[in-house]
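Working notes, structure below.
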Amino acid sequence: MNRVSLLSSPFLLGFEQLERSLDRLAKNASDGYPRYNIEKIGENGLRITLAVAGFTEADLAIEVVENQLSVRGKQAEEPERVYLHRGIAGRQFHRTFMLADGIEVTGAKLENGLLAIDLARPHVEPKVKTIRIDTAGPAKASRGKTIDVAG
């Protein structure tokens, strides 16, 4: 059975990449670890804050590939520790966020078990482009020549 796409309208042309990105994000959204907040900072800023208690700076990696922000965490094994009870999650994770065109990561800070990633959204002026319409002149007579339009 084929799934009906939300972006299958004939008026939405060239959104295949966006649809693939949405599908990829939907698969990742089912995992709720680590928890995160997204907040507006100032007029054009955003901050993503992830709860990464127990992770150090060396355990975390942040990268942007195309328009996808990726945050990975993997704690180093500590064989000398013997836990009688381990209730603090220490599992690895991979959390992704799709960024709109023009959004840039301006910095990241780890403090008190919270990883804050700051983003800047530039102010974008709407672009208006007028397209000139060429008119076809009177049809030129072929003067007895055969024109092959099939190819």
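The values are calculated or read from the model by the stated rules, or taken from the named source; none is laboratory data. On a predicted model such as this, the values are computed, not experimentally measured, just so you know. Heads up, the Cβs are rebuilt from the backbone with ideal geometry, glycines too, and the neighbour counts pull from every protein chain shown.
Could you list all residues from region 29-57 that are at pLDDT below 75 and either touching a strand residue (DSSP E or B) at 6+ places or on another chain (Cβ under 8 Å) or closer than 20 Å to residue 121 by Cα (or both)?
The first filter runs over region 29-57 and keeps only residues at pLDDT below 75, leaving 29-31.
Residue satisfying the conditions is 31 alone.
Could you give every pair whose Cβ atoms fall below 8 Å, whose first residue belongs to region 55-76 and is touching a residue at least 60 places away in the same chain (Cβ under 8 Å) and over 27 Å from residue 20 (Cα atoms), and whose second residue is part of a loop (DSSP other than H, G, I, E, B) and hydrophobic (A, V, I, L, M, F, W, C), counting only separations of at least 6 or pairs across chains?
Pairs found: none.
Could you tell me whether any residue of region 58-74 is modelled with pLDDT of 90 or more, loosely packed, with under 10 Cβ neighbours inside 10 Å and farther than 30 Å from residue 123 by Cα?
Scanning region 58-74, I find at least one residue that is modelled with pLDDT of 90 or more, loosely packed, with under 10 Cβ neighbours inside 10 Å and farther than 30 Å from residue 123 by Cα, so the answer is yes.
For region 89-103, give me the residue count where each residue is part of a strand (DSSP E or B) and out of contact with any Leu (no Cβ under 8 Å at 6 or more places or on another chain). Lay out the reasoning, then the answer.
As a first pass, look at region 89-103 and keep what is part of a strand (DSSP E or B): 93-98.
When the remaining residues are screened for being out of contact with any Leu (no Cβ under 8 Å at 6 or more places or on another chain), the result is 93-94.
The qualifying residues number 2.
Looking only at region 104-131, which residues are assigned to a loop (DSSP other than H, G, I, E, B) and charged (D, E, K, R)?
Filtering region 104-131 down to residues assigned to a loop (DSSP other than H, G, I, E, B) leaves 112-113, 121-131.
Answer for region 104-131, where residues must be assigned to a loop (DSSP other than H, G, I, E, B) and charged (D, E, K, R): 121, 125, 127, 129.
Just a yes or no: is a residue in region 8-28 modelled with pLDDT of 75 or more and closer than 25 Å to residue 109 by Cβ?
Within region 8-28 (the criterion being modelled with pLDDT of 75 or more and closer than 25 Å to residue 109 by Cβ), the answer is no, since none of the residues qualifies.
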